[in-house]
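Working notes, structure below.
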Amino acid sequence: MKYPLSEKYATPELMAKIMGPNPLKLEEELLQDNNIPAGAVVCDLGSGQGLTSVFLAKEYGFRVYAADLWSDPDENRKFFDEMGLSERQIVPVKADAADLPFEKEFFDAVVCVDSYNYFGRDADYLDMKLLPFVKQGGYIYISVPGMKKDLHNALPPELLLSWTPEQLDYIHDAAYWERIVKQCVGAEIVDLSEMESNEEVWADWLKQENEYARGDRKTMEAGGGKYLNFIKIVLKKM
Ligand SMILES: C[S@@+](CC[C@H](N)C(=O)[O-])C[C@H]1O[C@@H](n2cnc3c(N)ncnc32)[C@H](O)[C@@H]1O
């Protein structure tokens, strides 16, 4: 597919901030035909160093809360200032997705790229920890790294070149995610499908010179990419 919005961010400085397969391209595909109006209050959940949050604020006009556990909100604030975004447009927040520090029904929508697999694998998570913060009728857009078919009973050796079985336990197929989110009573599934973006988002990541990208190259150079995909999950709070 074409990525007219993400391509504007393809500078070495901005690409140095990605933490995995190009999250902007994933976000662009995820939000194609999205139902979130400009001006909506949106949580970028697991926002990392804030590149996806900048994208949401600049390209879609959302008022963004960049909520993340591992990154430093002061560093993210500096980055948002450098990108010309004010406190009204984007707010960095140190937050655990399992214990969000917001008022109930605060968000019109939640967008979550390459992080839901860390905290959303418990079937109770949506009803207990996330949906209370979303307004009725609000949307949750999720893109998770996945497997085309769950292979946890016989992990291919290519995948074990970069990751341990414990790390791979965060990665599952669409049927797994469907089983998890179907148990949620407070939201309906609008879409749950394999994404188109895979090769191009991996290619952008593998070009980066950091220890994680270098580690991931071992699997991808051995052809392990054929087992992997990204999965899109769109939910609407009832
Ligand atoms: C691979 S990074 C992706 C960051 C960003 N979404 C992107 O695509 O560039 C995964 C992020 O998930 C966040 N994360 C993991 N567990 C979390 C939790 N319990 N609550 C909030 N964020 C969490 C980490 O802080 C990390 O920044």
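Just a few scattered comments:
- The stretch 38-62 residues that are acidic (Asp, Glu), paired with ones that are part of a helix (DSSP H, G or I) and more than 8 Å from the ligand (Cβ to nearest atom) (beta carbon under 7 Å, 6 or more apart): ASP44/SER53; ASP44/LEU56
- Any pair with Cβ under 9 angstrom, 6 or more apart, that starts in the stretch 135-155 at a residue that is outside any strand (DSSP E or B) and ends at one that is polar (S, T, N, Q): LYS148/ASN229
- Those helices (runs of 4 or more DSSP H) of the stretch 167-238 in which 1 or more residues are among the charged types (D, E, K, R), within 19 Å of the chain's Cα centre (by Cα) and farther than 12 Å from GLY146 by Cβ occupy 199-206, 211-221.
- Verdict on ASP33 being acidic (Asp, Glu) and more than 12 Å from the chain's Cα centre (by Cα): yes
Here is a yes/no grid of residues against (1) at pLDDT below 95; (2) touching a strand residue (DSSP E or B) at 6+ places or on another chain (Cβ under 6 Å); (3) closer than 24 Å to ARG88 by Cβ; (4) basic (Lys, Arg):
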{"site": "THR11", "(1), (2), (3), (4)": "no, no, no, no"}
{"site": "ILE18", "(1), (2), (3), (4)": "no, no, no, no"}
{"site": "ASP33", "(1), (2), (3), (4)": "yes, no, no, no"}
{"site": "VAL41", "(1), (2), (3), (4)": "no, yes, yes, no"}
{"site": "SER47", "(1), (2), (3), (4)": "no, yes, yes, no"}
{"site": "LEU56", "(1), (2), (3), (4)": "no, yes, yes, no"}
{"site": "TYR60", "(1), (2), (3), (4)": "no, no, yes, no"}
{"site": "TYR65", "(1), (2), (3), (4)": "no, yes, yes, no"}
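- Scanning the stretch 49-65 for residues that are of a type in the set (A, V, I, L, M) and under 14 Å from ASP114 (Cα atoms) yields a single hit, LEU51.
This table checks each residue for (1) under 20 Å from GLY138 (Cβ atoms); (2) at pLDDT 95 or above; (3) of a type outside the set (Gly, Ala, Ser).
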position	(1), (2), (3)
VAL181	yes, yes, yes
VAL185	yes, yes, yes
GLU188	yes, yes, yes
LEU192	yes, yes, yes
TYR212	no, yes, yes
THR219	no, yes, yes
GLY223	no, yes, no
LYS236	yes, yes, yes
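The values are calculated or read from the model by the stated rules, or taken from the named source; none is laboratory data. Here the structure is a predicted model, which means the values were calculated and not measured. Methodologically, a virtual Cβ is constructed for each residue, glycine included, from the backbone with ideal geometry; neighbour enumeration extends over all protein chains shown.
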